[in-house]
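One structure below.
The values are calculated or read from the model by the stated rules, or taken from the named source; none is laboratory data. None of the values given here were measured: they were computed from a predicted structure. Here the Cβ positions follow ideal geometry from the backbone for every residue, glycine too, while neighbour counts run over all protein chains shown.
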Amino acid sequence: MIFYFAGPYPQRENIAAMAEEFTMLTVHNVNSTWLLKSEESPLLYGEYAATALNDVEEADAIVVFTDYAAGSKGGMWVEMGSAMDMGKLVYIVGNEHYSNIFCHLADQHYSTFYDFVGAADAKD
């Protein structure tokens, strides 16, 4: 399966490390190109947003990392809502999953990244 990893931008490096570990521990792939961005340019925000939504569309499922979401600009919630609208599987990872009412519509909640990894690996 192809997974899109979404989360607060300030946690990008942590989420990128989890994406790399996820692909090493499972047979799945992560297609979140936002994790590869080395700089943030307001002039390219439209391009970044379009690429993110394209990545969501190409993925089979989205994983939303909700810890540290307070103060987020909200892109992760747009990505999650788009995934829901596209009929994608939605997984919430983190204990702050009640920070957005739409998290209650997710297919599954996991407290930790490793809980999610174990479940994703078991679905092979």
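Numbers for the structure displayed
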| item | result |
| --- | --- |
| Candidates Gly81, Gly87, filtered to the one that is surrounded by fewer than 13 Cβ atoms within 10 Å (Cβ to Cβ), at pLDDT 95 or above and either out of contact with any Ser or Thr (no Cβ under 8 Å at 6 or more places or on another chain) or in a strand (DSSP E or B) (or both) | Gly87 |
| Identity of the residue in the stretch 22-44, of a type outside the set (Phe, Trp, Tyr) and either touching a residue at least 40 places away in the same chain (Cβ under 8 Å) or part of a strand (DSSP E or B) (or both), that ends up surrounded by the most Cβ atoms within 10 Å (Cβ to Cβ) | Val30 |
| Some residue of the stretch 57-66 being within 16 Å of Ala119 (Cβ to Cβ) and in a loop (DSSP other than H, G, I, E, B) | yes |
| Test: Ala49 is surrounded by 13 or more Cβ atoms within 10 Å (Cβ to Cβ) and not in a loop (DSSP other than H, G, I, E, B) | yes |
| Any hit, the stretch 33-51, residues being within 16 Å of Pro8 (Cα to Cα), of a type in the set (Asp, Glu) and touching an Asp or Glu at 6+ places or on another chain (Cβ under 8 Å) | no |
| Number of positions in the stretch 1-13 that are surrounded by 16 or more Cβ atoms within 10 Å (Cβ to Cβ) and not hydroxyl-bearing (Ser, Thr, Tyr) | 7 |
